[in-house]
1. Only one of (1) of a type in the set (Gly, Ala, Ser); (2) over 21 Å from Arg47 (Cα atoms); (3) in contact with a Phe, Trp or Tyr (Cβ under 8 Å, 6 or more places away or on another chain) fails for Ala143. Which number is that?
2. Taking interchain pairs and intrachain pairs at least six residues apart, which have beta carbon atoms under 9 angstrom, with the first residue in the range 48-74 and without any contact (Cβ under 8 Å) to a residue 60 or more places away in the chain and surrounded by 18 or more Cβ atoms within 10 Å (Cβ to Cβ) and the second part of a helix (DSSP H, G or I) and among the aromatic types (Phe, Trp, Tyr)?
3. Can you pull out every residue in the range 74-110 that is acidic (Asp, Glu) and either touching a Gly at 6+ places or on another chain (Cβ under 9 Å) or more than 23 Å from Trp161 (Cβ to Cβ) (or both)?
Amino acid sequence: MTSVGEGGHTQGSDGSTLGGGGGACDAEGVTTPHAVGSPGRPAGAPRTVLVVDDQAPFRSAARAVLRRLDGFEFAGEASSGPEAIELVDRLRPALVLMDINMPQMSGIEATRTIVAAHPEIVVILCSTYDAADLPPAASASGAAAYVNKERLAADTIRRLWDERGSGSFVSC
């Protein structure tokens, strides 16, 4: 069940403004070559997803979005860059939803480390920035895409996943 909350944002039953209404975001292709692929998984196996954010409410909301996304499965969560790197090494998720601003280590720095060690893992950066205000290092981090947290929805993740091999950094 969804409702319209403060500021006109669609609000989910968990109180989040994530994943409600609206279609997938529009692509703003910024050509940035990077290695992406799909980890070797049995055909038909769900793609595992690691959620990384220092804010527990966002991690919870992202899990709710993933529950509505066929073919993807929540694998775990981390609250910092170093913890994300450790969990990626252990869990080998297909996809990482990575917050940009975190204490200890930024999501951009953690993404660089993860993609360098595991080029088959797809990272989608998440934050509250407008796409035009992203730090320049975001598109060079090895991440496949950026999505504003308010636009994080099942159809957006699906579209970004489907476009992961385009060779462009896609932002929503």
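Read the figures in this text as sums done on the coordinates, not as results from a lab. The structure presented is a predicted model; accordingly, all values stated were derived computationally and were not measured. Because the Cβ atoms are built from the backbone with ideal geometry, glycine has one as well, and the counts that use them run over all protein chains shown.
1. (2)
2. Every condition considered, the pairs that remain are Val51/Phe58.
3. Glu83, Glu86, Asp99, Glu109 - these are the residues of the range 74-110 that are acidic (Asp, Glu) and either touching a Gly at 6+ places or on another chain (Cβ under 9 Å) or more than 23 Å from Trp161 (Cβ to Cβ) (or both).
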